[in-house]
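Input: a single structure, listed below in structure tokens.
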Amino acid sequence: MRLPQAARDGTSLYTVREVPELEATRGEWDGWLQSLPGGGHVLQGYEWGKFKKHLGWKPVRLVLERGGEVVGLGQFLSYDTGPFVPGSLWYCTKGPWLNWDDEEAIRAFFKGARTIAERRGAHTVKIEPEVFDERTDVKALLDSVGFRKARYDLNFKHTLLMDLSATEEDLLARMKSKTRYNIRLAAKKGVEVVEPDFEEAWTTLYGWMEEMEDRKEGFVMRRSQNYMHAMMKTMYDAGQGRFFFATHEGTPLAGIYVFTFGGKYWYMHGASGSKKRNLMPTHRLQWEVMRWAKQRGMTYYDMVGAQKPENMSEDDPALGVYRFKVGFGGEVVNFLGCFDLPIKPVRAAVWYRFEPIYYRLYYKLKKDVFY
């Protein structure tokens, strides 16, 4: 399918410019992002760029304008890869946010991004748009612009999305009968959902996550404890991260940490203790957070990570997580994943070959994930 052209008399209607850090406030940047089709992603938000800056990733914020109006944008995180590979790597996590049905807008944005990246010494630009994998037209367009599939997909390509715009009755009706039963059982047994103080919640949840890793349930914590705490606290203080716990008679049983942004929220981390699992606290916890989100106008819930069942076997530890998530009635979707645009071909080729080694060295020295 050919994407529609918006050109008029051969002249582009679009311009691309960099927004210096002190020029746009968080409210302005996030407002632009939320106003775009699809409502943006929290990892394209101002606060995420601010957090990653403390870890060596400098945010570079580009906007696509038409007639002075912002109609697209991308927050790129720039990382100096010298002395191994001179120059920098740019990573647009969960972005950019563009009208993917407008070929001219897309070409104009990447032409401007390439120019700015080249001027700033970048050798590779990596993007990770929230575009569904079946969009073969977008894949073809990215290929014509010069993108190639990246070696790694950095966030989950497969995830489970839920539309919360329906009534509570309809949402419950979409769930599997076992899920509905467990939600009602937990309520009947007196399981409650609360929002605890940050440090109390952090200590408890992280302890459960360590226990899960020790039990070898297919769960591995790749991020360091310091990273996890700083990330959760930063987003919590910014009002874009929240803890919810299921409790019974004052005892915490299960907890989740979610990101929120505009009309969306994401299930980022969750764990449960070993007590009273028969009360099904995780089911009531998910349902009550859905209700909480609906009451605040959120209609989009990304449960973050749901492999396709055909890619799993019965002894796969991820199968139980998959069955838990799909029980709530969402849709498993597949995004395009990551693509690389070589800006300086020779250096980009060197980085592509060196990338796996750099990841391993970084993890060995920092005890953390590079991206």
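The values are calculated or read from the model by the stated rules, or taken from the named source; none is laboratory data. Predicted model, so just to flag it, every value in this text is computed and none were measured. With ideal geometry, Cβ positions are generated from the backbone for all residues, glycine too; neighbour counts draw on all protein chains shown.
Key figures
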read-out: Residue in segment 338-357 that is on the phi > 0 side of the Ramachandran plot, touching a residue at least 60 places away in the same chain (Cβ under 8 Å), surrounded by 19 or more Cβ atoms within 10 Å (Cβ to Cβ) and assigned to a loop (DSSP other than H, G, I, E, B) present; value: no
read-out: Residue 78 under 27 Å from residue 356 (Cα atoms), surrounded by fewer than 24 Cβ atoms within 10 Å (Cβ to Cβ) and of a type in the set (S, T, N, Q); value: yes
read-out: Candidate set: segment 28-73, residues that are of a type in the set (Gly, Ala, Ser) and crowded, with 21+ Cβ neighbours inside 10 Å; chosen: the one farthest from residue 130 (Cα to Cα); value: 49
read-out: Of the criteria (1) over 17 Å from residue 86 (Cβ atoms); (2) in the same structural domain as residue 138 (by TED's automatic domain parsing); (3) of a type outside the set (A, V, I, L, M, F, W, C), which one residue 347 fails; value: (1)
read-out: Extreme residue, modelled with the lowest pLDDT, among residues of segment 246-275 that are farther than 15 Å from residue 194 by Cα and of a type in the set (S, T, N, Q); value: 274
read-out: Candidate set from segment 319-356 (those that are among the β-branched types (Val, Ile, Thr) and more than 27 Å from residue 119 (Cα to Cα)); member that is modelled with the lowest pLDDT; value: 321
read-out: Subset tally (residues that are touching a Leu at 6+ places or on another chain (Cβ under 7 Å) and at pLDDT below 95) for segment 276-285; value: 1
read-out: Tabulated pairs, segment 231-245, first assigned by TED's automatic domain parsing to the domain that holds residue 26 and at pLDDT 95 or above, second surrounded by fewer than 18 Cβ atoms within 10 Å (Cβ to Cβ) and of a type in the set (Lys, Arg), C-beta under 6 angstrom, 6+ apart or interchain; value: none
read-out: Single condition residue 301 does not satisfy, out of (1) closer than 30 Å to residue 244 by Cα; (2) more than 22 Å from the chain's Cα centre (by Cα); value: (2)
read-out: Segment 246-270 - residue that is in contact (Cβ under 8 Å) with a residue 60 or more places away in the chain and outside any strand (DSSP E or B) and, of those, surrounded by the most Cβ atoms within 10 Å (Cβ to Cβ); value: 262
read-out: Among the residues listed as 43, 55, 62, 33, the single one being within 28 Å of residue 267 (Cα to Cα) and in a strand (DSSP E or B); value: 62
read-out: Filtered residues of segment 153-193 (kept if of a type in the set (D, E, K, R), over 18 Å from the mean Cα position of the chain (by Cα) and not in a strand (DSSP E or B)); value: 168, 169, 170, 174, 176, 178, 180, 184, 188, 189
read-out: Unmet requirement for residue 59, which otherwise passes all of (1) farther than 24 Å from residue 337 by Cβ; (2) touching a residue at least 24 places away in the same chain (Cβ under 8 Å); value: (1)
read-out: Segment 182-215, residues that are touching a residue at least 40 places away in the same chain (Cβ under 8 Å), farther than 30 Å from residue 47 by Cβ and loosely packed, with under 14 Cβ neighbours inside 10 Å; value: 190
